[in-house]
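Below you'll find the structure, written out as C-alpha cells, and then a few comments.
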Amino acid sequence: METPLCIICGSNMSTPFIQITDRFGDESFQIVNCECGFKYLSPRPELNEISSYYEDGNYDPHRTYNKSFFEKVYGWVQKKALKWKFTYISKFVTSGSLLDIGGGSGEFCAYFKSKGWTTVLQDSSEKARKNANSADITAYGLLSDINNEKFNLITMWHSLEHIHNISDLFANIDRLINIDGTLVVAVPNANAPERFFLKENWAPWDAPRHLYHFSFCQIDRLLLKYGWKIQSSKTMVQDTPYNILLSLKSNSPLQLIFGGFILLYSLIKSAVFGVSSSSSFMLICKRI
Ligand SMILES: [Zn+2]
C-alpha cells in the first residue's frame, strides 16, 4: 500500500472522509479529503498490487457476454451512447487517428473504425486486449509501448480515475498527440446529486479501483496543470440510471422506488444546474 500526494495541489495534508468496502470483497478502503478539497483513495494498493482487484468475473468493463435483463438494457444503452459520443466529438474533429486509453475490449474504437478512423487502444487487461484483437483492433498494454505514432484524438472514457501515475500519463499524451490534437476525458462527478443519498453505497466510489473523485472545478484544475483547457463539456445522462441501479442495496420494490426518486431528483438537478451537477461529464479539451 502507498499514501500518494494530492494529484491536484501536491499536498500531503488530508483528513479521512469516508470508508468504502470493495463491492467484490470485504476489504475496506479510505477516501481522504485533501486540504484543497479533492477526494482520493489513500492509502491505496500500489501499481503492482492493483490487478488482483480487477479480477472478479462481475467487474463490468471486461465482460463480453450479457445475461441478465439489466445487462441487456445496459448493452443497448451502450450502443446508443457510442453513436451519441461519435456525433458530439464529430463537432470538434471529423477524421484521422484515435487512441483510446483504457479502451477495454475496443467497442469505442470499433465504432470509430466503422466510420473510417484509424484506431488503437491501450488497456492493462490482457483479457480486454485479446477481445480487442479479435475485433481487429490494435491494442497495447502500456502507453510507453506505442512508438512513432501521433494521434489527432485521444480519449479516456472513465479511465483517468483508474490510473496511478498521472504525470506519466500526461507526458505520454503529450508525446502521442498531434500539436492541434483533441483530448476527450469522461469521469464520474464527485458532486453527483445522487451521491448525497447513496452515501458509502454510491457506485462510483468503487474502491480500490477508482483512485480519484473529481468535481468539475477540480478536473478543470488538473487539466490546466498539464496544459489542457476545457473547450466544451457535456452531461452524460446515460450514466445516471446505471450509477443509481448499481448503487442500490437490492432490487426490492422499496429500493427501486428509492432509486426512482433519486433518479428523478438527479436528472432535474443536472438539467437545472448543468454539467457541474451531473452524474458524470465528458470534456473536450485543447492545448492551452
Ligand atoms: Zn489537494
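All of the numbers you see were taken from the coordinates with simple rules; none came from a lab. In this text, all values refer to a predicted model and were calculated from it rather than measured experimentally. No Cβ is skipped: glycine too gets one built from the backbone with ideal geometry, and neighbour counts run over all protein chains shown.
Brief remarks on what is shown
- The relative contact order of the chain, computed from alpha carbon pairs under 8 Å that lie at least 6 residues apart in sequence, is 17 percent.
- When the Cα gyration tensor is reduced to axis lengths a ≥ b ≥ c, the ratio a/c stays below 1.5 for the chain, which is therefore classed as rounded.
- Subtracting the Cα-Cα distance of CYS217 and ASP22 from 0.36 nm times their residue separation leaves 67.5 nm of extension gain.
- Shape category assigned to the range 95-239 from the gyration tensor of Cα positions, a/c cut at 1.5: prolate
- Taking a straight line from the alpha carbon of LYS130, these aspartates and glutamates sit under 18 Å away, with near neighbours fewer than eight places off in the same chain left out: GLU55, ASP56, ASP60, ASP100, GLU107, ASP145.
- Residues of type aspartates and glutamates that LYS286 reaches as a straight line, Cα spacing below 13 Å, ignoring anything fewer than 8 places off in the same chain: ASP174, ASP180, ASP220
- 10 Å Cβ shell holding at most 11 others, DSSP loop, GluC sites (Glu not before Pro): longest site-free stretch of the chain: 56-288
- Charged side chains reduced to their Cβ positions (Lys and Arg at +1, Asp and Glu at -1) give the chain a dipole of some 1180 debye around its Cα centre.
- Calculated mean residue ellipticity at 222 nm for the chain: -10000 deg cm²/dmol, from DSSP H runs with n ≥ 4 weighted as -39500 (n - 2.57), summed, divided by the residue count and rounded to 500.
- Of the residues GLY25, GLY37, GLY141, the one that moves most in a GNM of the chain with alpha-carbon contacts below 10 Å is GLY25.
- 20 Å Cα-Cα reach of LYS199 towards lysines, excluding residues that sit fewer than 8 places from it in its own chain: LYS39, LYS249, LYS269
- Think of it this way: in the chain, CYS109, CYS217, CYS285 stand alone, with no other Cys Cβ under 4.7 Å.
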